[in-house]
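First the structure, in the form of structure tokens, and then the observations on it.
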Amino acid sequence: MSGAVLSRRALLLGSVAISLGPSAVEAQGTPHHHAHDAETAQAAPTVRQPAPRDAYVYIGWPQDGAVIYGTRFKVWFGTRNFGVAPAGVNRMNTGHHHILINTPLPKLDEPIPNNRNHLHFGLGQTETILELPPGTHTLQLLMGDADHVPHDPPVMSRRITITVRPGRTPPASP
């Protein structure tokens, strides 16, 4: 099911898993989808919300360099010196998570895109289930304000690289 087809009810429940296209990226905890993509393209220039210089966001699991056996796995993330608030809630020093998968940072003065490479967690989620095909992938977090715009300065994690392998357990050592 594509994000455009999600019902308001499913968004409120926050527990529906969705498939985000042929790359088999899946997020559980339903990323929040705003109608901002088409609308904001025509909007006036965006004002970025301030963030403390010591604000920090991180991917707790998996860690950089991890080899993950099985294409479906949990990802959890957190913040320091910065709070989490749902999309649409405008509170100082808060935002919501976006996971960037196999993509560079988007423009920092525009709303973060909403597609299979830019997953939105506008309900304030701090963990999800991803499903990625076998191979090497990059993951990075970028916080967005109430309107999905990165803060100034941007609150982002470092980009990590993981390797996904088919199967459930690592091969036995000889």
Can you tally the net charge around Gln140? Count Lys and Arg as +1, Asp and Glu as -1, for every other residue whose Cβ sits under 10 Å from the Cβ of Gln140. +2
Cα point-scatterer Debye curve for the range 51-103, base-10 log of I(q)/I(0) at q = 0.25 Å⁻¹: -1.07
Over the range 54-172, calculate the relative contact order: mean separation of alpha carbon pairs under 8 Å at least 6 apart, over the residue count, as a percent. 37 percent
When ranked by the protection proxy of mean other Cβ atoms within 10 Å per residue, highest first, what sequence do the peptides 131-137, 154-160 form? 154-160, 131-137
Limiting things to C-alpha atoms, what are the Rg and the maximum Cα-Cα separation (Dmax) for the range 36-166, in angstroms? 14.6, 46
Stokes-Einstein at 10 °C, 1.306 mPa s, Kirkwood radius from Cα pairs: D for the range 91-174 in µm² s⁻¹? 112 µm²/s
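Read-outs: derived from the displayed coordinates by stated rules, not from any lab. This one's a predicted model, so the numbers in the text were calculated from it and none came from an experiment. Using ideal geometry, Cβ is built from the backbone for each residue, glycine included, and neighbour counts are taken over all protein chains shown.
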